[in-house]
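One structure is given below, encoded as structure tokens.
The values are calculated or read from the model by the stated rules, or taken from the named source; none is laboratory data. Note that the structure is predicted; figures quoted are calculated from it, not measured. A quick note on method: Cβ atoms are made from the backbone with ideal geometry, for glycine too, and the neighbour counts reach across all protein chains shown. Remember, those area values only see protein heavy atoms, side chains included, never the ligands or the DNA or RNA. Shrake-Rupley method; radii C 1.70, N 1.55, O 1.52, S 1.80 Å.
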Amino acid sequence: MCALISYKSRFWLFLVATVVETVFLFCSSEILSAQSTTAETPSAQTTDLAPGIVRDKPESGPCVEIDGVFLVPYTATIPGTEIEFEMIPVAGGMFTLGSPGDEADRNADEGPQVNINVDPFWLGKCEVTWKEYKSYMSLHESFKEFQMKGIREVTEERMVDAITAPSTLYDPSFTFDAGDDPRQPAATMTQYAAKQYTKWLSILSGQFYRLPGEAEWEYACRAGTTTSWSFGSEADDIEEFAWLDDNADYERHKVGKKKPNAWGLHDMHGNVAEWTLDQYNEQGYVHLDPAKAYSAIDAINWPTDPDPYVARGGSWEMTSDQLRSAARLASNNSEWKQEDPNSPKSPWWFTTEPSTGVGFRLLRPLHVPDSREVRERYWQADSPKDQYAIKFRIESEGRGARGLVDPDLPAAIQGIKDDK
């Protein structure tokens, strides 16, 4: 049944946001990539609405009504490839972030509980897979070729349209020891690398993608529940919903093979933990006042240090209590990069458990920030230390590569392949 949500007070903001989505690339030249995305219902075959928005109510399947239009699932194709990914609409609403004090196996960093108001968004039906992520990894070779040929140069004026492609893996066995099937979730990338992936995909597709904030992630995971897991308060049925230490056989598994939560999202518990935008604080949500209500964006604990960040959902390496909806995993650069012999350590890759069980999922908000500066905040390294390491590795060591992203990028890459 379609979820009916009234947002009449935001009607004009919605219209403005839809228009913004059509123009945000290069501030004037971006268009909706309708050729790269299709909704799952026949009525979605329009060219004047963003992907995942239709005028006619679908006869079945999830949808969210907002002032006469409907947010629906859609399938998108990464431009220049045949690689597809699915996005699911999530209705906005109010929920309580964190776990109650009497929840079994609760950790101190899961509180204090705070009321959060979440705007509608689309979230990846599954975690980003190796098939998707390797298309981004391949940019390293392409950007190096551009540099050698002196084409598509990254000038100071065009730096805002540039991304960094990850360096080639120091030792692939660290990353691929748990498998690299194209349908498995990608893993061991840093939060920065995941953020650059979302920038690349956003500019290339004409839609604004980013990582979820912690509150957005937990809201989607809970799917309206207040129990320890999205399926209940007891872990008896967890293997029906999650890959974890009891059933994973020491490997990551193909996405979407376990039952989804009530909102149609797979692998929110287990398989790989998923990056969020937030800085981790062992004292929990002390940056928030439990007597107030916050928007999900205002609740983000924006990082100021390169470590630790928050990953959610737990992984195939973890126990059921670590997969609870409110459970948090803090990154640890020194431990997660132990086998990396470089100095400074790679800003794109981890080498050591539990990073082998950390990946990410895409979020696309209904309301797109109208400022390029604000959008960049979701995509760039937050701390000066990270920024220095990235600059040093690319400019001094030649590891990693920087290149421009625009609608012409797929054709330029194909041109290089045709010349070989």
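Checking the stated criteria, Asp289 turns out not to satisfy the condition of being surrounded by fewer than 20 Cβ atoms within 10 Å (Cβ to Cβ), over 15 Å from Glu218 (Cβ atoms) and modelled with pLDDT under 95. One residue stands out in segment 216-241 among those that are of a type in the set (A, V, I, L, M) and in a helix (DSSP H, G or I): the one that is nearest to the chain's Cα centre (by Cα), namely Ala220. Of the listed requirements (1) touching a Cys at 6+ places or on another chain (Cβ under 7 Å); (2) surrounded by fewer than 23 Cβ atoms within 10 Å (Cβ to Cβ), Gly313 misses just one: (2).
Residues in segment 41-71 that are open to solvent by 60 Å² or more (accessible area, probe 1.4 Å) and within 22 Å of Ser202 (Cβ to Cβ) were compared, and the one that is modelled with the lowest pLDDT is Thr47. Which of (1) part of a helix (DSSP H, G or I); (2) closer than 29 Å to Ala262 by Cα; (3) of a type outside the set (Gly, Ala, Ser) is the odd one out, the single condition Leu244 does not satisfy? Every condition holds for Leu244 apart from (1). Taking every residue in segment 318-343 that is closer than 26 Å to Asn247 by Cα and without any contact (Cβ under 8 Å) to a residue 24 or more places away in the chain and pairing it with any residue that is of a type in the set (Val, Ile, Thr) and crowded, with 21+ Cβ neighbours inside 10 Å, at least 6 positions away or on another chain, the pairs with Cβ-Cβ distances below 9 Å are Trp336/Thr188; Trp336/Thr190; Trp336/Thr351; Trp336/Val358. Only one entry in Ala262, Ala293, Ala273 is among the small types (Gly, Ala, Ser) and farther than 22 Å from Asp119 by Cβ, namely Ala273.
Residues in segment 303-322 that are of a type in the set (A, V, I, L, M, F, W, C) and either in contact with a strand residue (DSSP E or B) (Cβ under 7 Å, 6 or more places away or on another chain) or at pLDDT below 95 (or both): Val310, Ala311.
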